[in-house]
Amino acid sequence: IYTTMVNWAQIKTVLLDMDGTLLDLNFDNHFWLEHVPLRFAEKNRISLDEAKSEVSGRSRAIEGTLNWYCIDYWSKDLELDILQLKEEVHHLIAEHPNVRDFLQEVRSSGRRVVIVTNAHSKSLALKMRKTELAPYLDAAYCSHDFGLPKEEPEFWSRFQQEEPFDPQHTLLVDDSLSVLRSAERYGIAHLLAVYKPDTKNPPKDVGDFMAINGFGELLPVPPLL
């Protein structure tokens, strides 16, 4: 019995976000909301509350831009080695349930499976090393390589020049509603949101988008005819 949530007969390419979609956003939330402020407080000899306020203020000021996702930007801005700090809590990096099975089935079905993430390449490399998901993928791309975040519809046309895909026969799964809206404007026909990007937080409002609780709901994946 094949899932009715995705019309697999229409899908040739599967594009997947990384953080919050394939991987539990708990790592990133803990990292930015707790670990970075902690180290920032220690370095600047201020209270944790002051540090949280300072870091979140700087974060809000550039949210949705490429810099917001950029390890190098934050290392310079906060005068902290962000990649090293990620290594300190890398034990929290975890994939969502059934992700490996899903990736394996999509590839075995003859479809192309690709990560497209706003995460910085250094972050992508760390997470691929920790999860060992790379062998299950045909490719992985960072929006930094295209000079725009996925929230910008223009991103998708730049991306398509590098990774040819037919928007009418492509499925994108992403936990960001602004990214899904941008992909929708570009013409990507099959879109799914994620109810629980962070397993430690309650389900999120996904607006008008169809959404999954987990990748088990998309299994099994029929062969591409």
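The values are calculated or read from the model by the stated rules, or taken from the named source; none is laboratory data. Given the structure is predicted, the values throughout are model-derived calculations rather than measurements. Heads up, the Cβs are rebuilt from the backbone with ideal geometry, glycines too, and the neighbour counts pull from every protein chain shown. Please note that ligands, DNA and RNA were not included when accessible areas were found on the heavy atoms of the full protein model with its side chains. Shrake-Rupley method; radii C 1.70, N 1.55, O 1.52, S 1.80 Å.
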Subset of the stretch 174-193 [open to solvent by 10 Å² or more (accessible area, probe 1.4 Å) and not in a loop (DSSP other than H, G, I, E, B)]: L177, S178, R181, E184, R185, Y186, H190, L191
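How about the stretch 158-170: which of its residues are part of a helix (DSSP H, G or I), open to solvent by 10 Å² or more (accessible area, probe 1.4 Å) and either more than 16 Å from R181 (Cβ to Cβ) or aromatic (F, W, Y) (or both)?
Here is the first cut: in the stretch 158-170, the ones part of a helix (DSSP H, G or I) are 158-162, 167-169.
From what is left, the residues that are open to solvent by 10 Å² or more (accessible area, probe 1.4 Å) are 158, 160-162, 167-169.
Selection gives R158, Q160, Q161, E162, Q168, H169.
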Among residues belonging to the stretch 69-85 that are open to solvent by 30 Å² or more (accessible area, probe 1.4 Å) and in contact (Cβ under 8 Å) with a residue 12 or more places away in the chain, point out the one that is nearest to the chain's Cα centre (by Cα). Y69
Within the stretch 96-131, work out how many residues are among the acidic types (D, E) and more than 29 Å from S157 (Cα to Cα). 1
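Results for (1) open to solvent by less than 50 Å² (accessible area, probe 1.4 Å); (2) touching a residue at least 40 places away in the same chain (Cβ under 8 Å), shown as yes or no for each residue.
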| site | (1), (2) |
| --- | --- |
| Q10 | no, yes |
| T21 | yes, yes |
| H30 | no, yes |
| E34 | no, no |
| A51 | yes, no |
| R58 | no, no |
| I62 | yes, no |
Among the residues of the stretch 163-180, write down those that are in contact with a helix residue (DSSP H, G or I) (Cβ under 9 Å, 6 or more places away or on another chain) and without any contact (Cβ under 8 Å) to a residue 60 or more places away in the chain. P167
For the stretch 111-151, which residues satisfy the criterion of being under 18 Å from L66 (Cβ atoms), open to solvent by 20 Å² or more (accessible area, probe 1.4 Å) and in a strand (DSSP E or B)? A140, Y141
The conditions are (1) on the phi < 0 side of the Ramachandran plot; (2) surrounded by 15 or more Cβ atoms within 10 Å (Cβ to Cβ), and S47 fails exactly one of them. Which is it? (2)
